[in-house]
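Rule-based calculations on the coordinates, nothing more; no lab input. Since this is a predicted model, take the numbers as computed values, not measurements. Glycine gets a Cβ as well: all are built from the backbone with ideal geometry, and neighbour counts include every protein chain shown.
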Amino acid sequence: MKIRIGTRGSKLALWQAHFTQAELTRIGVESELIIIKTQGDMIQHLGFDKMEGKGFFTKEIEEALLRGDIDLAVHSMKDLPTQAPEGLAITAVSYRDNPADLLLIRPEALDKSKIFKIKAGAIVGTSAARRKAQLLDFRPDVQLKDIRGNVPTRLEKLRTGDFDAIFLAAAGVQRLGLDTQDLEVIELNPREFVPAPAQGVLAWQTNRDDVEVRTVLKKLHHPEISAVTNVERRVLQLMDGGCQLPLGVHCMRDEQANYHAYAACLIDGVMRRARQSASTNFGLAETLVELLHKG
């Protein structure tokens, strides 16, 4: 048996695909990579909030899966719409890397007396509505500017002075082993600057009726991670959101198996926050959404 893995061609996507291959090799399963270009890869001049529809980084890969051109799709789970195409399923999820956002700042733009250590009026690069909304809530003085391209490209734009600071997911920086010693790197607490739902987790997607591949993937599945990402993605689903929605959700489980969930969302122009702890994840997403709407 040889599993055909569909992936995007960016460095980070290829890291994810090679990690998946290594996991399959560990359990004695052969695989090969098939590179697929997505809408998100091809349209580089627009921010996510200006692009139509959902699934910018997943739609073409899902279509290849439905056609039978590949057996398995590997995604950053945060890129996956909550509504899967008919016939497809998330069969397994990976371990969770650091879910936090990082703010990377050029030394010239540093002001340690300010929140997040960026100077007044700094130009900050991000194309995520969630990051824009939360940053302006903390620092209304900054200027936001869309930034696209893969992670190394964004770092290059920062270093050449196009921006004073940029956002990156900690997981992506760690996975690519990037050298950021020349920059000030601020790790933002996910309970305060709330990350995207399922940030730091990989989702392995298959055809729903492909019993053979699904059986293999169950050996790689992390149910404890699924228990928290289910809460995060359920909030996203209830808020009817995609990449354009300014919503952050983070759920964690402590050593006593209690769940702690945090959410932040821009609703009617107002940043609203909610937090809830419970001994079970049942109904946790619904409670968070209710709290968000109450403000």
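Considering only alpha-carbon pairs that sit under 8 angstrom and 6 or more positions apart, the relative contact order computed for the stretch 101-187 is 46 percent. What the phi angles of the stretch 218-232 give under the Karplus curve with 6.51, -1.76 and 1.60, with θ = phi - 60°, is a coupling list of 4, 6, 9, 6, 10, x, 5, 6, 4, 4, 8, 5, 4, 5, 4 Hz, glycine and proline written as x.
List the chymotrypsin sites (Phe, Trp or Tyr not before Pro) within the stretch 227-295 that fall in a DSSP loop (any state other than H, G, I, E or B) and whose Cβ has at most 13 other Cβ atoms within 10 Å.
On the way: sites: TYR259, TYR262, PHE282; in loops: PHE282.
Here the sparse-neighbourhood loop sites are PHE282.
Sorted on the mean count of surrounding Cβ atoms within 10 Å across their residues, most packed first, peptides 221-231, 175-185 read 221-231, 175-185. Taking the longest Cα principal axis of the chain as reference, the axis of helix 11-26 is set at about 40 degrees. Among ALA120, ALA170, ALA257, which one moves the most in a GNM of the chain with springs linking Cα atoms closer than 10 Å? Judging by the Gaussian network model, the answer is ALA257.
First check a/c for the stretch 171-295, with a ≥ b ≥ c the square roots of the eigenvalues of its C-alpha gyration tensor; if it is under 1.5, answer rounded, and if not, answer prolate when a/b is larger than b/c or oblate otherwise.
Values: a/c = 1.65, a/b = 1.14, b/c = 1.45.
Oblate shape, in that a/c is at least 1.5 and b/c is the bigger or equal ratio.
Which GluC sites (Glu not before Pro) does the stretch 236-295 hold that lie in a coil by DSSP with at most 14 other beta carbons within 10 Å? Display every interim value, and only then the final one.
Details: sites: GLU255, GLU286, GLU290; in loops: GLU255.
Answer by residue number: GLU255.
Evaluating 6.51 cos²θ - 1.76 cosθ + 1.60 at θ = phi - 60° for every residue in the stretch 98-104, the Karplus couplings come out as 3, x, 6, 8, 10, 10, 9 Hz, glycine and proline recorded as x.
For the stretch 201-214, 3J(HN,Hα) computed residue by residue from phi via the Karplus equation (6.51, -1.76, 1.60; θ = phi - 60°) reads 10, 9, 10, 9, 10, 9, 6, 4, 9, 8, 4, 4, 5, 5 Hz, glycine and proline entered as x.
Between ARG159 and LEU238, what length comes free when the chain is fully extended (0.36 nm per residue of separation minus the Cα-Cα distance, one decimal in nm)?
On the way: separation 79, 0.36 × 79 = 28.44 nm, distance 3.91 nm.
Extra length available between ARG159 and LEU238 comes to 24.5 nm.
Between GLN205, GLN134, GLN83, the GNM of the chain built on Cα springs shorter than 10 angstrom shows GLN83 fluctuating the most. Per-residue extension of 0.36 nm, minus the Cα-Cα distance of ILE115 and THR215, leaves a gain of 31.2 nm for this segment. Bridge orientation summary for the stretch 101-187: considering DSSP beta bridges with both residues in this region, about 65 percent are antiparallel. Full extension of the chain between ASP268 and ARG139 gives 44.6 nm of extra length, using 0.36 nm per residue less the Cα-Cα distance.
Taking amide H atoms as placed 1.01 Å from N in the peptide plane, the amide H of ARG272 lies under 5 Å from those of CYS265, LEU266, ILE267, each 5 or more residues away in sequence or on another chain.
Its relative contact order, with pairs defined as Cα atoms under 8 Å and 6+ residues apart, puts the chain at 21 percent.
By the helix-only formula, in which each DSSP H run with n ≥ 4 contributes -39500 (n - 2.57) and the sum is divided by residues, the chain has a 222 nm mean residue ellipticity of -9000 deg cm²/dmol.
Structure remark: mean-square fluctuation, Gaussian network model of the chain, C-alpha springs under 10 Å; the largest value among THR91, THR25, THR38 belongs to THR25.
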